[in-house]
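Novice: Have a look at the structure that comes next, please.
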Amino acid sequence: MASGADLIRQAKEQINEVDPREVHELGANGSSNGAVVVDVREQHEFEESHVPGAVHVPRGHLESRIEGAAPDKSERVVLYCASGNRSALAAQTLQDMLGYESAESMTGGITLWKDRGYDVEVPRALTAEQRQRYSRHLLIPEIGLEGQMKLLDAKVLLLGAGGLGSPVALYLAAAGVGTLGIVDDDDVDLSNLQRQVAHTNDRIGVAKVDSAEQSINEINPDVEVVKYKTRLDAGNVMEIVEGYDVIVDGADNFPTRYLLNDATVRLQKPVVSASILGFDGQLSVFKPYDGPCYRCLYPTPPPAELAPSCGANGVLGVLPGTMGMLQATEVIKLIVGAGEPLIGRLLLYEALSETFTELKVKRDPACPICSRDPESIAEDEMGKFPDYEAFCAG
Ligand SMILES: [Zn+2]
């Protein structure tokens, strides 16, 4: 029976070992050199510091994850660990068992790399409390530490702290989205509480932005809330939207939706849009120039008698919860870059029949807004819409 030391020695005889100097020179050439550098150490070792640009595939997950990190088996793969033993064994596995043509191990590991004076990348770390709070995210490969950092760095603007905005705000806060901007000029009313779950009975009469802020802070102190107790209009839309990564549209009226559309196309910001009425909901993601915009989908506003925003309308209390959860999901996907966002697709939800229908939606080559270069969209053109009072009266 061979000893562990024998196995390591045999592995090193069968694979190619490369000096840290050569790996460092690869890095200096950029990523076009066709080599993937893989750190096979444990999570806590990788998080302490690693070779800049290295991908992390712990040796315990080598077989199941290496093809995600290095899909091209003819490509050069350089593995390293702390001292060069684990990476030698891992390289042997890639070469002998998984068919990698050029799996190599870096001599001396990151210890020798550091001794040579080469730079290491020290990733930002979560605090112990954050590690515990986001532990169920850290366990999903699509999110993980990197995705959680992206969420903490993200700035999301919520248009409205009402039916849709409430659940979106609470769940994005819980998920650790670092900055939540909220635009709403309303105060909490008793008739809101049937569905607007960010607000409470004892906060009737309080500004919705203040009430929402209180609920968010109670869930997650990591989140910074930026309050805009105002209505979005042509005079403030550019300034408010500009600093955010993703916009969540829960507006209850068409003029605001058109205005938001035009400004976000100009600023090239993605909008996660939902609307609700009765038992029915709609959802789509408008990512400028990647898919259609709101005006491609709705070139003209609906006839006034069908416009839900001209007066109070009935809505099933849980419906904004359903649609808001789908919005929050799309926001997180956009931030961490996971999955297929709902771009160019319109999702229709009918609660009474409990059916989801998906429609493909295309960019309109004649769209008055997104058929043009963003720079050519003048500020005085934004949000062009028939006079609203007249529109609703008609
Ligand atoms: Zn368009």
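Novice: May I ask you to rank K229, K208 by accessible area, largest first, using a 1.4 Å probe over the protein chains only?
Specialist: K229, K208
Novice: Something else: Within segment 256-297, list the residues whose amide N lies under 12 Å from a label point set 7 Å along Cα→Cβ of E381.
Specialist: What the label zone holds, given the 12 Å backbone N cut-off, is 262-263, 266.
Novice: Next question, about the same structure. Please report, in Å, the Rg and the Dmax of the chain, where both are computed over Cα atoms only.
Specialist: Answer for the chain, Rg first and Dmax second: 26.2, 90 Å.
Novice: Another question about this same structure. Sequence gap at least 6, Cα distance under 8 Å: using those rules, report the relative contact order of the chain to the nearest whole percent.
Specialist: Answer for the chain is 12 percent.
Novice: If you don't mind, there's one more thing I want to ask. Counting Lys and Arg as +1 and Asp and Glu as -1, each charge on the Cβ, what is the dipole of segment 49-208 about the Cα centre in debye, to the nearest 20?
Specialist: Dipole of segment 49-208, to the nearest 20 debye: 400 debye.
Novice: Where both partners of a DSSP beta bridge lie in the chain, what percent of those bridges are antiparallel, to the nearest 5?
Specialist: Here the antiparallel bridges make up roughly 35 percent for the chain.
Novice: So how strong a dipole does the chain carry about its Cα centre when Lys and Arg Cβ are +1 and Asp and Glu Cβ are -1, to the nearest 20 debye?
Specialist: The dipole of the chain has a size of about 440 debye.
Novice: By the scheme Lys and Arg +1, Asp and Glu -1, what is the net charge of all other residues having a beta-carbon under 13 Å from that of D252?
Specialist: Summing Lys/Arg as +1 and Asp/Glu as -1 gives 0.
Novice: Further question on the same structure: Among residues other than K227 whose Cβ falls under 12 Å from its Cβ, what is the net charge (Lys/Arg +1, Asp/Glu -1)?
Specialist: That sum, taken over residues with Cβ under 12 Å, equals -3.
Novice: Rank by packing, highest mean first: peptides 158-167, 91-100, 251-260, 10-19, with packing defined as the count of other Cβ atoms within 10 Å averaged across residues.
Specialist: Output ranking for 158-167, 91-100, 251-260, 10-19: 158-167, 251-260, 91-100, 10-19.
Novice: Moving on to the next point. Tally Lys and Arg at +1 and Asp and Glu at -1 over the other residues with C-beta under 10 Å from the C-beta of P123: what net charge comes out?
Specialist: Once positives and negatives cancel, what remains is -3.
Novice: Classify segment 238-357 as rounded, prolate or oblate from the Cα gyration tensor: take a ≥ b ≥ c as the square roots of its eigenvalues, call it rounded if a/c is under 1.5, otherwise prolate when a/b beats b/c and oblate if not.
Specialist: Oblate is the answer for segment 238-357, as a/c is 1.5 or above yet b/c matches or exceeds a/b.
Novice: Length gain on complete extension for the stretch D233 to H61, per 0.36 nm per residue less the alpha carbon to alpha carbon distance?
Specialist: 56.7 nm
Novice: Accessible area per residue, 1.4 Å probe, Å², for the chain: what's the number?
Specialist: That works out to 48 Å² for each residue.
Novice: For segment 177-222, what's the relative contact order in percent, using C-alpha pairs closer than 8 Å and at least 6 residues apart?
Specialist: The value is 38 percent.
Novice: Once you order the gyration tensor axes a ≥ b ≥ c over the Cα atoms, which shape class does segment 83-148 get: rounded for a/c under 1.5, otherwise prolate or oblate by comparing a/b with b/c?
Specialist: Note, shape of segment 83-148 comes out oblate.
Novice: Keeping every protein chain in place, order D153, D115 by accessible area at 1.4 Å, biggest value first, i.e. largest first.
Specialist: D115, D153
Novice: DSSP beta bridges in segment 235-375, what fraction antiparallel, as a percent rounded to 5?
Specialist: 75 percent
Novice: Still on this structure: If I model a spin label at A125 and S74 as a point 7 Å from the Cα along the Cα→Cβ vector, what separation in nanometres do I get?
Specialist: If labels sit at A125 and S74, their model points lie 4.3 nm apart.
Novice: OK, next. Please give the peptides 187-197, 264-274, 355-365 ranked by average Cβ packing (other Cβ atoms within 10 Å per residue), highest first, as a rough proxy for protection.
Specialist: So the order, starting with the most tightly packed, is 264-274, 187-197, 355-365.
Novice: DSSP beta bridges in segment 145-232, what fraction antiparallel, as a percent rounded to 5?
Specialist: 10 percent
Novice: Post the alpha-carbon centroid distance, segment 67-120 to segment 322-379, in whole angstrom.
Specialist: Centre-to-centre (Cα) distance: 42 Å.
Novice: Now for a separate question. Is the shape of segment 1-106 rounded, prolate or oblate, going by the alpha carbon gyration tensor and its root eigenvalues a ≥ b ≥ c, with a/c under 1.5 for rounded and a/b larger than b/c for prolate?
Specialist: Since a/c stays below 1.5, the shape of segment 1-106 is classed as rounded.
Novice: Mind scanning K114/K333; K229/K360; K73/K155; K269/K360; K208/K269; K229/K362 and naming the pairs with a C-alpha gap bigger than 32 Å?
Specialist: K114/K333; K229/K360; K73/K155; K229/K362
The values are calculated or read from the model by the stated rules, or taken from the named source; none is laboratory data. Keep in mind the model is a prediction, meaning the values are calculated, not measured. In this analysis, Cβ positions are derived from the backbone assuming ideal geometry, glycine residues included, and neighbour counts consider all displayed protein chains. Surface areas here come from the heavy atoms of the whole protein model, side chains and all, with no ligands, DNA or RNA. Shrake-Rupley method; radii C 1.70, N 1.55, O 1.52, S 1.80 Å.
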